[in-house]
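Here is the structure we will look at, set down as structure tokens.
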Amino acid sequence: MLSVLILWLYISSVLSDPGPGTVLVLGGQELAGSATLTALLDAEFQVNTLNEDNPHYDYHELFENKVERIVCSRSSGLDGCVELQNLINSNSKVKAIVDFTSDNKELMEEAVRVLAPLSPDVYIFVSTAAVYDVSDNPQDPLKESDAVRPEDLQLQDTYNEKNVFGHDMLGSEEALIASGLPYVILRCGDLIGPRDTTLRWWQYQVWSEHFVLLDEAFPVHEDKQHLKFSMTYGDDLAKAVVSVINKGVMNEVYNIAMEKTFTLPHVLLELCIYFGNGDKCWADYHSAVDSYSLYPNNHMGMLDIEHAKTDLDFEASSWEDVLKDTITFYERARHNHTKERDMVLSRLNENVLSYLQSEQLIAAVMRQEGVEMENEPNIPSIEL
């Protein structure tokens, strides 16, 4: 009799505890998205993803059979996505929606309209510090309340033309807020960490490691020589997403970034020091390739993260840990992820290196840790 009672109590507890719940992630195949999927799975959420079948790095290895995938293209529209409509028609409810892909007003308006029947407790939009570039009189450091467009329409147009990305992302934020869904907006600095599909960091890492061989200055636009900016580690953003869901926060905006103040020359110097080239690296602030300064995305300064620290108990990773983790990933990636490696070498070749330097760089990278030269990438030979 006692054993029957214990069994009944166990079954009742299981049935009454649905678990953390389901999270629908729009995107999730890139740097911040992969980190967020990992964090959600570690927190025992059931995860559904909606993205194109365009994985990067080791995405399939990490998440195969761990997430429920809905393969749809945002450019083709959510209304025609059969698998998504099946999810909605099943009267399912999700704990949260995490959106990495609604990067303009129209896409966000579509997303909130189509996904509203899922009744999320919170709709989390991953935004950017670039929204402050199209705002009126932001402070230093940048506070969440600073992202307000100027009343002067002509001034709005001027700001929007200077940073189209910031204009589009602020439009997405505005559309989400206007939707009436419970929301949280997470504004990131320049993202850093493993699995970066922009390849910005990896290009600078290769360049720094082989600086003595190349003897070619980093092109840094003069306007960015002293420009302060924030960086956001992918794992830190992921922790913030999980914290938002677990704490039940809604209708808030948070800056998410590391504590450290960055400038582009400082980041490049740190990389050079790591590879033992700190006394040899140099930058060209009057380079003919001035458009090749890959950081930052925003130009208004540092992010203030006090709001996230207070509400979300947010604690950013240390720069030392982030630097080591990021460099180590791309050192391994030159062997494990040759498609992305070849893209890095190709971009350096096409944009900043002479033909002879490109040949030397390819040979040096291929020699590292015993990589055979027959694996040499197919890099176009372009003389600048």
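Filter the range 192-217 down to residues that are among the small types (Gly, Ala, Ser) and at pLDDT below 95 and give me whichever is nearest to Leu361 (Cα to Cα). Spell out the reasoning first.
In the first step, residues of the range 192-217 are kept if they are among the small types (Gly, Ala, Ser); the result is 193, 208, 217.
Within this subset, residues satisfying the condition of being at pLDDT below 95 are 208, 217.
Values: Ser208: 11, Ala217: 15 Å.
Here the residue is Ser208.
Tell me, please, whether a residue that is over 28 Å from Met169 (Cα atoms), among the hydroxyl-bearing types (Ser, Thr, Tyr) and without any contact (Cβ under 8 Å) to a residue 40 or more places away in the chain can be found in the range 254-276.
No, the range 254-276 contains no residue that is over 28 Å from Met169 (Cα atoms), among the hydroxyl-bearing types (Ser, Thr, Tyr) and without any contact (Cβ under 8 Å) to a residue 40 or more places away in the chain.
On the basis of being crowded, with 18+ Cβ neighbours inside 10 Å, of a type in the set (D, E, K, R) and modelled with pLDDT under 90, does Glu222 make the cut?
On the way: crowded, with 18+ Cβ neighbours inside 10 Å: no; of a type in the set (D, E, K, R): yes; modelled with pLDDT under 90: yes.
Spelling it out, it is not the case that Glu222 is crowded, with 18+ Cβ neighbours inside 10 Å, of a type in the set (D, E, K, R) and modelled with pLDDT under 90.
Among residues belonging to the range 119-143 that are more than 30 Å from Ser90 (Cβ to Cβ), in a loop (DSSP other than H, G, I, E, B) and among the polar types (S, T, N, Q), point out the one that is modelled with the lowest pLDDT.
Taking the candidates together, the pick is Asn137.
For the range 84-112, name all the residues that are outside any loop (DSSP other than H, G, I, E, B), over 18 Å from the mean Cα position of the chain (by Cα), surrounded by 14 or more Cβ atoms within 10 Å (Cβ to Cβ) and of a type in the set (D, E, K, R).
Lys105, Glu109, Glu110
A quick yes/no check of all residues on (1) within 28 Å of the chain's Cα centre (by Cα); (2) in a helix (DSSP H, G or I); (3) surrounded by 18 or more Cβ atoms within 10 Å (Cβ to Cβ); (4) at pLDDT 90 or above:
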| site | (1), (2), (3), (4) |
| --- | --- |
| Glu331 | yes, yes, no, yes |
| Lys339 | yes, yes, no, yes |
| Val344 | yes, yes, yes, yes |
| Asn349 | yes, yes, yes, no |
| Leu353 | yes, no, yes, no |
| Met366 | no, yes, yes, no |
| Glu374 | no, yes, no, no |
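Give just the number: which of (1) more than 30 Å from Val23 (Cβ to Cβ); (2) in contact with a Ser or Thr (Cβ under 6 Å, 6 or more places away or on another chain); (3) not β-branched (Val, Ile, Thr) does Ala257 not satisfy?
(1)
Look through the range 228-275, keep the residues that are of a type in the set (S, T, N, Q) and assigned to a loop (DSSP other than H, G, I, E, B), and return whichever of them is surrounded by the most Cβ atoms within 10 Å (Cβ to Cβ). Quick ask: steps written out before the conclusion?
As a first pass, look at the range 228-275 and keep what is of a type in the set (S, T, N, Q): 230, 232, 243, 246, 251, 255, 261, 263.
In the following step, the residues that additionally are assigned to a loop (DSSP other than H, G, I, E, B) were identified as 230, 251, 261, 263.
Values: Ser230: 27, Asn251: 11, Thr261: 13, Thr263: 17.
Step by step, filter the range 228-275, then rank; the result is Ser230.
More than 23 Å from the chain's Cα centre (by Cα), farther than 30 Å from Phe329 by Cα and polar (S, T, N, Q) - does that describe any residue in the range 159-178?
no
In this structure, does Gly28 turn out to be assigned to a loop (DSSP other than H, G, I, E, B) and not hydroxyl-bearing (Ser, Thr, Tyr)?
Working: assigned to a loop (DSSP other than H, G, I, E, B): yes; not hydroxyl-bearing (Ser, Thr, Tyr): yes.
Spelling it out, Gly28 is indeed assigned to a loop (DSSP other than H, G, I, E, B) and not hydroxyl-bearing (Ser, Thr, Tyr).
Within the range 121-152, restricting attention to residues that are in contact (Cβ under 8 Å) with a residue 12 or more places away in the chain and of a type in the set (Asp, Glu), which residue is surrounded by the fewest Cβ atoms within 10 Å (Cβ to Cβ)?
By that ranking, first place goes to Glu151.
Checking Asn298 against (1) in a loop (DSSP other than H, G, I, E, B); (2) more than 26 Å from Ile124 (Cα to Cα); (3) among the polar types (S, T, N, Q), which single condition isn't satisfied?
(2)
Considering (1) aliphatic (A, V, I, L, M); (2) in contact with a Phe, Trp or Tyr (Cβ under 9 Å, 6 or more places away or on another chain); (3) farther than 18 Å from Ser34 by Cα, say which one Leu78 fails and leave the rest.
The single condition Leu78 does not satisfy is (2).
Name every residue in the range 83-114 that is in contact with a strand residue (DSSP E or B) (Cβ under 6 Å, 6 or more places away or on another chain) and closer than 24 Å to Ala238 by Cβ, in order of residue number.
Step one: filter the range 83-114 for residues in contact with a strand residue (DSSP E or B) (Cβ under 6 Å, 6 or more places away or on another chain), giving 83-84, 94-101.
Residues satisfying the conditions are Leu84, Val94, Lys95, Ala96, Ile97, Val98, Asp99, Phe100, Thr101.
For Ser317, all conditions in the list (1) crowded, with 20+ Cβ neighbours inside 10 Å; (2) under 18 Å from the mean Cα position of the chain (by Cα) hold save one; what is the number of the exception?
The single condition Ser317 does not satisfy is (1).
Results for (1) hydrophobic (A, V, I, L, M, F, W, C); (2) touching a strand residue (DSSP E or B) at 6+ places or on another chain (Cβ under 6 Å); (3) assigned to a loop (DSSP other than H, G, I, E, B), shown as yes or no for each residue.
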position: Val184; (1), (2), (3): yes, yes, no
position: Arg195; (1), (2), (3): no, no, yes
position: Tyr204; (1), (2), (3): no, no, no
position: Ser208; (1), (2), (3): no, no, no
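Filtering the range 161-182 down to residues that are outside any helix (DSSP H, G or I) and of a type outside the set (A, V, I, L, M, F, W, C), which residue is surrounded by the most Cβ atoms within 10 Å (Cβ to Cβ)? So that I can check it myself, show each step before the final result.
Narrowing the range 161-182 to residues outside any helix (DSSP H, G or I): 163, 180-182.
Keeping just the survivors that are of a type outside the set (A, V, I, L, M, F, W, C) gives 163, 180, 182.
On the way: Asn163: 21, Gly180: 9, Pro182: 17.
Applying the filter and picking the extreme gives Asn163.
Restricting attention to the range 55-70, which residues are farther than 22 Å from Ala240 by Cα and either touching a residue at least 60 places away in the same chain (Cβ under 8 Å) or out of contact with any Ser or Thr (no Cβ under 9 Å at 6 or more places or on another chain) (or both)? If you could, list the steps in order and put the result at the bottom.
Restricting attention to the range 55-70, the residues satisfying the condition of being farther than 22 Å from Ala240 by Cα are 55-58, 60-61, 64-65, 68-70.
Selection gives Pro55, His56, Tyr57, Asp58, His60, Glu61, Glu64, Asn65.
The values are calculated or read from the model by the stated rules, or taken from the named source; none is laboratory data. Everything quoted here is computed from the prediction, not taken from an experiment. Note that each Cβ is placed from the backbone with ideal geometry, even for glycine, and that neighbours are counted across all protein chains shown.
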